[in-house]
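What follows is a single structure, written as structure tokens, with notes after it.
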Amino acid sequence: MFEQISDNIALSQKIVAQVTDAIVRGELKPGDRIPTERDLAVVFGVSRTAIRDAIKILSGRGVLDVRHGVGIFVASADPEVTSLEFAGAKIQDLFEIRQTLETQAASWAAQRGTPEHIQRLRNIIDEARRSADTLTILAEKDAQFHMAIAEASENMLLVKVMWMLLDALAEGRQQSLTIPNRALASLDEHEQIVDAIEAGQSADAAKAMESHLHSVRRAIIGK
């Protein structure tokens, strides 16, 4: 599930990325207990300080639930979010929320994103292109990409809200990726978003994200 981290650049952020990716892939599920700090330090090949920093970040985002004296668990999803229905206007409502949240996330990412954030986004796109014929992996990488944008915004509350919406976004993601040529179009649009973020152009990043979400929405619901 996890891999050792080979250098000292942003160790805690790399640990955060691996844990969140494991959750997106379904290898860790709500309520699952994860290894102790000591065991995680061995698995990742880092100090316990780096592990503590990563756990602090993840618990602050609402991803992990630290129960002192008991253990560390993947936080349970909010039932009010995961019980959303997606008929008719509900999908439209979800896209309107995404339009608001994710365009701002892209703008902030352009202002605040680190080289490590940019590299993570590039890696996700590259991995998706290598698995362009596998729907489940494309869906996983799409979720990782949009979460990574939120993480690059450095706004912890925004990241937490995106985590709460992750399951709610799943159905629309699956629908869009089954449309012929939609997956490759999304990857090209993701590239444009990252190019703007890397260039530090916040307005262009927001515009690219808005265009991407509008394109996906039009493919799914025709408007």
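Read-outs throughout are calculated quantities, based only on the coordinates presented, and are distinct from any laboratory measurement. As the structure is a prediction and not an experimental result, all values here were calculated from the model. Glycine also receives a Cβ, built like all others from the backbone with ideal geometry; neighbour counts cover every protein chain displayed.
Just a few scattered comments:
- Between Q18 and D133, the contour length at 0.36 nm per residue exceeds the Cα-Cα span by 39.1 nm.
- The stretch 68-202 shape via C-alpha gyration tensor axes, a/c threshold 1.5: rounded
- Out-of-range pairs (alpha-carbon distance over 29 Å; input K29/K141; K56/K207; K90/K141; K29/K207): K56/K207; K29/K207
- Cα gyration tensor shape of the stretch 139-219, rounded if a/c is under 1.5, else prolate or oblate by comparing a/b with b/c: oblate
- Value of D in µm² per second that Stokes-Einstein yields for the stretch 123-168, Kirkwood Rh from Cα pairs, at 20 °C (1.002 mPa s): 192 µm²/s
- Multiplying the residue separation of Q201 and T100 by 0.36 nm and subtracting their alpha-carbon distance yields 34.6 nm.
- Spacing of the modelled spin labels on T114 and M1, each 7 Å from Cα toward Cβ, amounts to 2.5 nm.
- The GNM of the chain, with springs linking C-alpha atoms under 10 angstrom apart, assigns the highest mean-square fluctuation among Q99, Q175, Q192 to Q175.
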